[in-house]
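Taking it in order: structure first as structure tokens, then the write-up.
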Amino acid sequence: MKRVLVATGGGDCPGLNAVIRAVVKRASQEPDWEVIGSIQSFDGILREPTEIKVLDEKAVAGIHVQGGTIIGTTNKGGPFAWPVKNKDGSWGAVDRSDEMIRKLQYLGIDAVISIGGDGSQRISQQLYEKGLNIIGVPKTIDNDLSATDFTFGFQTAVQIATEAVDKLVTTAASHNRVLILEVMGRYAGWIALHAAIAGGAEVCLIPEIPYDIHKVADRLQSRYNKGKGHAIVVVAEGAVPKDGHLVSAESDEVGYHNLRLGGIAHKITRDLKSIGFEADIRETVLGHLQRGGIPVAYDRVLATQFGVKAFEMVLEGKFGEMVAYRHPDIISVPLIDAINRPNFVDPECDLVRTARGVGISFGD
Ligand code: F6P
């Protein structure tokens with residue numbers, strides 16, 4: 001019996017379960033292959049007792065419809081930086097990668113499929129360099145990897161963000177308010193840009209096009225001057241002002257590029273008020289709602305394609321490579337190339353031109 005281990009790492013993402021199911025269903029067509037899931041990324045391998053789960057067709061029946069991941073995930077630590085408590089109570093990290101590889105051998109694992117974002121794929125590359133037979137499957141709602149045209153989870157996040165805009169429009173119009181919607185995306189503006197176009201926002205602020213708060217205020221004011229006393233602003237969590245710091249006195253609280261703390265929508269509200277923009281402004285931070293619930297059909301299909309391809313790459317021995325989508329094909333690319341090539345919105349791209357063409361301001 002040959003064994004392939006599947007692990008899901010990093011933040012959860014709609015479509016993870018569809019990948020797992022596809023790996024299992026494809027593997028079941030081959031004689032002598034068993035799929036094992038490691039619980040909470042590679043942590044399950046390193047824990048004592050080991051936390052793994054046999055994934056047969058029964059275990060994955062119908063899971064392509066479910067969000068999250070049935071084998072759990074984590075975005076803390078990993079085999080190269082396993083968290084340990086120091087004697088003084090502080091936290092440190094130790095490298096347990098050799099131990100993990102030995103344990104995988106002991107468990108009779110012939111190959112590993114690591115489904116995760118750029119952090120997880122960096123770990124995959126390091127493990128590959130140590131001799132592990134590993135294949136990567138890219139995962140992120142942010143769509144910020146250029147090795148693949150799209151990542152699964154992105155279309156679901158865009159759909160959820162767009163539905164949020166649709167809902168906010170009615171309140172904005174009824175109350176003559178400016179409603180600011182903060183969406184995810186890390187350092188990329190893809191979710192914000194798509195949701196702003198699909199939802200018909202007036203302003204879209206993304207990290208790739210630094211904004212000037214005065215220009216944002218001018219665009220909003222022009223809406224009010226035209227008698228349309230309401231507006232929607234979609235802001236990506238990583239958006240940055242042109243001068244790199246805030247107008248308001250409390251600016252340091254949030255901080256330039258410190259998106260982990262969140263609060264860009266709040267910062268924009270404060271800054272608009274501080275320069276005298278008088279309309280009623282409210283903020284909504286969509287947060288993890290964008291990663292929750294059932295994946296849209298597109299993400300289920302892409303995730304299924306990735307899962308089938310990943311197992312076929314195991315059969316072909318294409319280790320050290322990652323599954324990718326290049327329309328219309330599902331291909332494999334070296335992990336090392338994939339992890340070093342982020343995908344950001346080109347300010348001159350057609351999508352930005354389209355947005356400008358329908359009057360969306362980027363505040364630049
Ligand atoms: O990378 C996916 C993502 O959802 C980003 O859009 C966001 O910045 C981040 O993860 C949030 O991570 P966490 O779930 O750890 O707060």
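The values are calculated or read from the model by the stated rules, or taken from the named source; none is laboratory data. In this text the structure is predicted, and so the values were computed from the model without any measurement. Don't worry about glycine lacking a Cβ; one is built from the backbone with ideal geometry, like all the others, and counts go over all protein chains shown.
I need the strands (runs of 3 or more DSSP E) fully contained in segment 260-364, keeping only those with at least 3 residues that are closer than 19 Å to Val216 by Cβ.
281-285
Restricting to segment 311-330, give me the number of residues that are touching a strand residue (DSSP E or B) at 6+ places or on another chain (Cβ under 6 Å) and closer than 28 Å to Glu208 by Cα.
Qualifying residue count, segment 311-330: 3.
Test Lys130 against the stated conditions and say whether it is among the basic types (Lys, Arg) and within 16 Å of the ligand (Cβ to nearest atom). Please lay out each step first, then the result.
Details: among the basic types (Lys, Arg): yes; within 16 Å of the ligand (Cβ to nearest atom): no.
No.
Within segment 332-364, track down each residue that is out of contact with any Lys or Arg (no Cβ under 8 Å at 6 or more places or on another chain), aliphatic (A, V, I, L, M) and more than 22 Å from Val203 (Cα to Cα).
Once the filter is applied, which keeps residues that are out of contact with any Lys or Arg (no Cβ under 8 Å at 6 or more places or on another chain), aliphatic (A, V, I, L, M) and more than 22 Å from Val203 (Cα to Cα), segment 332-364 yields Val333, Leu335, Ile336, Ala338.
Any residue at all in segment 199-212 that is part of a loop (DSSP other than H, G, I, E, B), at pLDDT 95 or above and at positive phi?
For segment 199-212, residues part of a loop (DSSP other than H, G, I, E, B), at pLDDT 95 or above and at positive phi: present.
Given the conditions (1) within 15 Å of the ligand (Cβ to nearest atom); (2) in contact with a strand residue (DSSP E or B) (Cβ under 8 Å, 6 or more places away or on another chain), which single one is not true for Ala111?
Failed condition: (1).
Take the residues in segment 84-130 that are under 22 Å from the mean Cα position of the chain (by Cα) and hydroxyl-bearing (Ser, Thr, Tyr); name whichever of them is farthest from Ala27 (Cα to Cα).
Among those that are under 22 Å from the mean Cα position of the chain (by Cα) and hydroxyl-bearing (Ser, Thr, Tyr), it is Ser120.
Condition first: out of contact with any helix residue (DSSP H, G or I) (no Cβ under 8 Å at 6 or more places or on another chain), within 15 Å of the ligand (Cβ to nearest atom) and not assigned by TED's automatic domain parsing to the domain that holds Val23. Can you find one or more residues in segment 184-195 that meet it?
yes
Counting just the residues of segment 165-183 that are of a type in the set (A, V, I, L, M) and within 15 Å of the ligand (Cβ to nearest atom), which one comes out surrounded by the fewest Cβ atoms within 10 Å (Cβ to Cβ)?
The selected residue is Leu181.
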